[in-house]
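**Student:** The structure follows.
The values are calculated or read from the model by the stated rules, or taken from the named source; none is laboratory data. Owing to the predicted nature of the structure, the values given are computational and were not obtained by experimental measurement. Don't worry about glycine lacking a Cβ; one is built from the backbone with ideal geometry, like all the others, and counts go over all protein chains shown. Ligands, DNA and RNA are excluded from the accessible area calculation, which covers all protein heavy atoms including side chains. Shrake-Rupley method; radii C 1.70, N 1.55, O 1.52, S 1.80 Å.
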Amino acid sequence: MPLPQRALSSWIPLRSALMLGVAAAAIAPSAALSEDPFAVPRAQSQNLYGLPGLIDMPTADIEADGQLTTSFGHFAGTTRSTLSFQVLPKLTGSFRYSALKGYRPNNYDLDTYYDRSFDLRYQILEETDQLPALAVGLQDFIGTGIYGGEYLVATKGFGDKLRVTAGLGWGRLGSNGAIGATGTRPIGVLGEGGIPTYDRWFRGDVAPFGGVSYQVNDRLSFKAEYSSDGYLAERGLNGRDNFGNLDPALFERKSSWNFGIDYRFKNGNQISIYSLYGGEIGAQLSLSANPRYAPLPSGAEKAPFPIAQRRYADLGWDLDQTTTDKIRSNLRSALASDGLIYEGMTLTATKATLRLRNPKYNAEPQAIGRAARQMARVLPGSVEVFEIIPTLKGAAGSAITLNRSDLERLEHAPASALLAVTSVADSAGSVPAFEADSKPQHSWSLAPYVTVSVFDPDNPVRIDAGLRLKGSYFIAPNLELSGSVAQKLLGNLDSVSREIPSELPRVRTDYAEYSRQGETAIEHLTLSHFGRPGTDLYSRVTAGYLETMYAGLSGEVLWKPVHSRLALGAEMNYVRQRDFDQKFGLQDYAVTTGHLSAYYDLGNGFHGQIDAGRYLAGDLGATVSVDREFSNGWRVGAYATFTDVSAEEFGEGSFDKGVRLTVPLSWALGQPSRKSNTLLLQSLTRDGGARLNVRDRLYQRVRDYHSPELAKEWGRVWR
Amino acid sequence: MKILFTPLRVAAFGAVLTLGACGLSSEGRQADSIGASIAAKLFKKKSAEVAEPVDLVQIMATTSEPLALLVMESQQITVLIREVSKNGSFSTFHSDERQALNFDKGVLIATRGGGSDLMSSQIAPSMRLILSEREGSAQRVMTYLTGDGRSIDMPFDCKVLRGKREPFESGDIKTTTQLMVEQCSDGTYEFANTYLVSGGQVLSSRQWINPDIGSVLVQMIRK
């Protein structure tokens with residue numbers, strides 16, 4: 001019977017020391033993280049800002065590391081949708097899209113005001129028996145700042161059920177009941193908006209706030225708070241700056257007291273009802289997930305075949321064509337039964353080098369392990385060394401070498417024991433020839449699609465839906481002819497009525513025109529070549545209609561040694577803008593773009609990337625991105641691009657930035673799959689800092705079979 | 001093995017993906033299976049799986065490899081498992097659904113296909129005590145996968161105790177066995193495995209796999 005759960009707050013993260021080539025301690029337990037994969041962390045209760053909090057006020061609580069929460073809250077004409085991510089154990093980041101119906105500041109001509117905001121919260125102190133948890137937060141710290149505010153808050157639990165919160169707020173959170181002031185708070189917009197408003201932080205009126213929450217039982221809790229948010233803007237009382245509501249106030253703020261009831265479902269999702277500011281009713285739905293906890297962590301796919309006892313063939317079997325042909329075809333079928341593709345093999349009496357394609361397993365070590373098991377079942381006993389070379393669209397990835405005796409000896413040992421005796425090297429020079437199957441590699445699909453575009457004030461959510469026909473045909477193992485045609489059946493992506501001004505060439509801001517005229521669109525039609533120009537070098541050349549808006553030639557070279565955390569790349573494109581109808585025509589605008597890129601695995605799942613060069617509008621600059629990746633394929637990241645385009649020229653937003661989220665299908669289903677879905681939340685589509693959306697960029701795929709990535713998911717090698 | 005699924009999670013994060021999984025493709029059955037998996041998870045009722053009735057007598061007459069019965073307590077089902085491989089003292093048993101259990105002289109060390117598998121175990125000290133029918137203390141380490149694909153070790157402190165000596169009859173096997181009990185705890189979870197040991201091998205046992213599945217009974221019916 002399980003004992004009461006130990007608090008998660010006391011664990012200290014350790015880097016798992018799965019370094020290849022370390023022969024010592026092969027059988028000893030790998031460096032373990034003292035966490036419990038079976039105890040899914042309990043999601044915190046969210047406030048109307050989509051962060052752990054009371055009702056409108058924040059608390060000093062944070063979510064478990066990696067927790068991803070989506071909240072949809074509404075009251076008094078305001079709808080807030082927030083996506084929050086626990087970036088680091090103590091740091092929470094949020095992106096919020098709010099709609100304020102009836103809010104019409106100066107020069108605003110629509111009925112509803114849409115606002116994007118980013119928040120950060122950092123927990124300075126963790127709660128202990130004597131001390132409260134202490135956190136500092138920045139609300140709406142980039143941009144035009146309707147929700148701009150900062151806070152310092154402490155939260156302490158008394159007994160099992162009661163939690164008390166008290167804090168001080170500035171800006172928005174200091175607009176009711178101020179007890180003093182720390183300087184004056186500037187009100188102008190920095191640049192064209194879109195820049196962190198550092199000149200305001202912790203300045204101006206400061207007001208206290210606080211509240212309590214009471215956990216009645218496992219599901220239900222009650223909350224009460226005193227709010228320091230005066231809602232001045234929504235009530236038309238903020239006439240000093242651009243944000244004053246010229247229409248009648250959105251609601252009457254009769255009281256500073258708010259009350260709420262939370263109901264938590266078994267899966268962590270929550271629903272809340274609130275009584276706000278003396279006369280308003282509000283509600284919120286929060287959905288919660290944590291990429292570090294999966295419904296089926298080891299997957300529900302069938303067991304792999306055991307490492308079989310060796311069967312020896314007659315001496316000289318490797319010289320007999322009939323025997324070796326039979327072995328090749330047996331291995332081809334055996335691999336196919338595990339969802340893997342045999343592409344070729346070099347076979348001697350003592351060593352087999354397999355050229356492998358993995359269309360199925362998201363965890364590459366699992367593909368390697370399954371391939372090794374099938375080789376052990378099929379190959380004669382004298383073959384001792386297994387070398388497996390996975391290919392990526394015909395270009396060899398790396399060479400992973402295992403000894404059969406080690407496989408037999410370590411079949412039931414921890415996975416780390418096998419990692420210690422596996423070697424990964426560059427495959428140059430040892431790649432077996434491609435053995436053609438009866439027909440060349442090809443695939444096609446006809447499926448429905450949905451394209452979602454958000455953030456345009458005229459129509460905040462636009463959706464296009466239709467049918468997409470995709471096809472891919474490999475003329476040679478590393479030469480792919482690929483195309484995709486989409487037929488729009490319904491949607492409103494083209495109903496952008498407002499003219500988007502741009503001082504730069506209109507490299508991206510004509511997206512509505514593309515959607516309007518591209519009912520039947522050739523999304524892409526390309527011929528791509530993937531190569532290995534040399535040791536540690538990978539190349540790609542793509543020609544044709546590269547993406548929705550551009551056609552031309554794109555070339556890329558990547559340098560990445562198999563053990564390296566650093567990769568360097570160079571890409572150059574010569575493109576012309578396509579006609580709006582997305583058929584075969586081209587417009588006059590042509591540009592040469594190119595970037596030098598540096599990629600670095602920062603450790604603990606963090607990856608950094610810097611791309612510097614020339615963008616589609618001819619501007620020069622750099623993009624910095626940081627992603628947090630989980631070995632199961634989840635990625636959450638943010639990027640910002642700075643170019644020589646001034647904020648005035650760029651327009652609203654000052655510079656390009658965005659957040660992206662990738663969800664792997666295998667995580668949700670518990671079945672292996674290499675499919676995933678990426679959601680890109682770009683602040684605005686402008687023309688500055690725009691990069692070509694060419695497919696099959698090298699880094700993301702090449703690194704999957706290199707030792708840093710293999711080590712991360714090596715636990716699945718025996719799965 | 002117990003399968004956990006959360007329909008809302010699948011719906012929330014897989015909704016757009018399911019569109020891609022619908023439709024036609026050259027992959028045929030493979031692509032359909034993703035759509036089918038999603039549909040099954042969203043709409044399938046959590047009914048108990050009805051295992052096909054198995055003619056044990058006929059199977060014993062027509063096969064010769066070691067066989068055992070596996071009882072999953074949490075789901076109340078009994079499954080026949082067959083040995084498919086022997087590697088030294090290690091043996092691998094598969095069920096008809098190709099879910100696997102790996103044993104070392106009858107002591108469970110790993111499972112495959114269960115969703116939250118026991119990936120490997122380091123239990124040499126416990127095994128020494130159990131198989132030589134001696135009492136004592138030992139530490140065992142059980143390794144699982146986290147949701148984001150990392151291996152994680154869970155160490156348990158265990159005490160091995162000796163019970164009764166009794167006759168044992170099961171299928172083709174007829175002998176006397178010594179009952180050994182292993183009580184383990186890591187501060188959060190605790191369990192007690194019981195083993196019926198004979199001749200340095202475990203013939204019947206109740207062993208804990210993980211907090212979700214709990215314990216399973218494995219009884220050899222032919223060695």
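**Student:** How about segment A:704-719: which of its residues lose at least 10 Å² of accessible area in the presence of all protein chains relative to their chain isolated, using a 1.4 Å probe?
**Tutor:** Buried-area filter returns A:Lys712, A:Glu713, A:Gly715, A:Arg716, A:Trp718, A:Arg719.
**Student:** Shifting gears a bit: Projecting each Cα onto the charge dipole of segment A:297-441 (Lys/Arg +1, Asp/Glu -1 at the beta carbon, about the Cα centre), which of A:Gln441, A:Ala428, A:Thr323 comes out farthest on the positive side?
**Tutor:** A:Gln441
**Student:** Just how large is the dipole of the protein assembly as shown about the Cα centre, in debye to the nearest 20, putting +1 at every Lys and Arg Cβ and -1 at every Asp and Glu Cβ?
**Tutor:** 1920 debye
**Student:** Helix A:364-378 sits at what angle to the longest principal axis of chain A, using alpha carbons and giving 0 to 90 degrees rounded to 10?
**Tutor:** 20 degrees
**Student:** Roughly how many percent of the accessible protein surface of segment B:76-195 is carbon and sulfur, given a 1.4 Å probe and a whole-percent answer? Walk me through the numbers on the way to the answer.
**Tutor:** Details: 2080 of 4520 Å².
About 46 percent, which is the carbon plus sulfur part of the accessible surface.
**Student:** Also: Between A and B, buried accessible area summed over both sides at probe 1.4 Å, in Å² to the nearest 100? Don't jump to the answer; show the numbers that get you there.
**Tutor:** Values: alone 31720 and 13010 Å², together 38720 Å².
Protein heavy atoms only, the A-B interface buries about 6000 Å².
**Student:** Here is a follow-up. Does segment B:84-165 come out rounded, prolate or oblate, given a ≥ b ≥ c as the square roots of the eigenvalues of its C-alpha gyration tensor, rounded meaning a/c under 1.5 and, failing that, prolate meaning a/b above b/c?
**Tutor:** On the way: a/c = 2.47, a/b = 1.34, b/c = 1.84.
In terms of gyration-tensor shape, oblate.
**Student:** Name the GluC sites (Glu not before Pro) in segment A:380-444 that are in a loop by DSSP and that have at most 16 other C-beta atoms within 10 Å, would you?
**Tutor:** Working: sites: A:Glu384, A:Glu387, A:Glu408, A:Glu411, A:Glu435; in loops: A:Glu384, A:Glu411, A:Glu435.
Here the sparse-neighbourhood loop sites are A:Glu384, A:Glu435.
**Student:** Quick one: which bits of segment B:127-151 get at least 40 Å² less accessible when the partner protein chains are in, versus the chain alone, with a 1.4 Å probe?
**Tutor:** For segment B:127-151, once contacts with the other chains are taken into account, B:Leu145, B:Gly147, B:Asp148, B:Gly149, B:Arg150, B:Ser151 lose 40 Å² or more.
**Student:** Moving to a separate point now. Take the Cβ-Cβ distance between A:Ala428 and B:Arg165 as r, set R0 to 51 Å, and report the resulting FRET efficiency rounded to the nearest 0.05.
**Tutor:** Working: r = 64 Å, r/R0 = 1.26.
Efficiency, from the Cβ-Cβ distance: 0.20.
**Student:** Quick check: the distance between the Cα centres of segment A:274-327 and segment A:330-376, to the nearest angstrom?
**Tutor:** If we compute the Cα centre of each part, the gap is 17 Å.
**Student:** Taking the highest mean first, how do the peptides B:130-136, A:368-374, A:41-47 order by number of other beta carbon atoms within 10 angstrom per residue? The partial results should precede the final answer.
**Tutor:** Working: B:130-136: 16.4, A:368-374: 25.0, A:41-47: 22.4.
Going from most to least packed, we get A:368-374, A:41-47, B:130-136.
**Student:** If the limit is 19 Å between Cα atoms, which of A:Lys351/B:Lys86; A:Lys470/A:Lys675; A:Lys101/A:Lys657; A:Lys326/A:Lys360 go over it? Before the final figure, lay out each step's value.
**Tutor:** Details: A:Lys351/B:Lys86 24 Å; A:Lys470/A:Lys675 15 Å; A:Lys101/A:Lys657 26 Å; A:Lys326/A:Lys360 25 Å.
Listed pairs above 19 Å: A:Lys351/B:Lys86; A:Lys101/A:Lys657; A:Lys326/A:Lys360.
**Student:** Moving on. How many Cβ atoms of partner chains, on average, are near each residue of B:109-115 if near means within 10 Å of its Cβ?
**Tutor:** Mean shielding count: 6.
**Student:** Say R0 is 51 Å: what FRET efficiency, to the nearest 0.05, do B:Thr176 and A:Ile261 get from their beta-carbon distance? Show your work: numbers first, answer last.
**Tutor:** Details: r = 63 Å, r/R0 = 1.24.
Rounded to the nearest 0.05, the efficiency is 0.20.
**Student:** Let me ask something else. Please say if segment B:174-223 is rounded, prolate or oblate, where rounded means a/c under 1.5 for a ≥ b ≥ c the square roots of the C-alpha gyration tensor eigenvalues, and otherwise the choice is prolate for a/b larger than b/c and oblate otherwise?
**Tutor:** Numbers: a/c = 4.02, a/b = 1.93, b/c = 2.09.
Cα axes put segment B:174-223 in the oblate bin.
**Student:** Name the residues of segment B:147-171 whose amide N is less than 16 Å from a point 7 angstrom out from the Cα of B:Ser132 along the C-beta direction?
**Tutor:** Taking a point 7 Å out along Cα→Cβ of B:Ser132, the residues of segment B:147-171 whose backbone N falls under 16 Å are B:160-162.
**Student:** Right, here's the next one. Would you be so kind as to list the residues of segment A:272-307 that have their accessible area lowered by at least 40 Å² in the full protein complex compared with their chain by itself (1.4 Å probe)?
**Tutor:** For segment A:272-307, once contacts with the other chains are taken into account, A:Arg292, A:Pro295, A:Leu296, A:Pro297, A:Ser298, A:Lys302, A:Ala303, A:Pro306 lose 40 Å² or more.
**Student:** What number comes out for accessible area per residue over segment B:93-223 if the probe is 1.4 Å? Units Å², please.
**Tutor:** Values: 4550 Å² over 131 residues.
Dividing the accessible area of segment B:93-223 by its residue count gives 35 Å².
**Student:** Between the DSSP loop rule and a limit of at most 14 other Cβ atoms within 10 Å, which trypsin sites (Lys or Arg not before Pro) in segment B:52-133 are left? Each step should come with its number before you reach the end.
**Tutor:** Working: sites: B:Arg82, B:Lys86, B:Arg98, B:Lys105, B:Arg112, B:Arg128; in loops: B:Arg98, B:Lys105.
Of the trypsin sites (Lys or Arg not before Pro), the ones in loops of segment B:52-133 whose Cβ has at most 14 other Cβ atoms within 10 Å are B:Arg98.
**Student:** Around A:Glu523, which amide H atoms from residues at least 5 apart in sequence, or from another chain, sit under 5 Å from its own amide H, with H modelled in the peptide plane?
**Tutor:** For A:Glu523, the qualifying residues are A:Ser484, A:Val485, A:Ala486.
**Student:** Shifting gears a bit: Quick one: accessible area per residue over chain A, 1.4 Å probe, rounded to a whole number of Å²?
**Tutor:** Accessible surface, normalised per residue, equals 40 Å².
**Student:** On the accessible surface of segment A:604-719, probed at 1.4 Å, how many percent belong to carbon and sulfur atoms?
**Tutor:** Details: 2020 of 3700 Å².
Here it works out to 54 percent.
**Student:** Name the shape class, rounded, prolate or oblate, that the alpha-carbon gyration tensor gives for chain A, where a ≥ b ≥ c are the square roots of its eigenvalues, rounded holds for a/c under 1.5, and otherwise prolate holds if a/b is larger than b/c and oblate otherwise.
**Tutor:** Working: a/c = 2.43, a/b = 1.48, b/c = 1.64.
Oblate, since a/c reaches 1.5 and b/c is not below a/b.
**Student:** Tell me which residues come under 5 Å, amide H to amide H, from A:Tyr550 once H is placed; ignore anything under 5 positions away on its chain.
**Tutor:** A:Arg578
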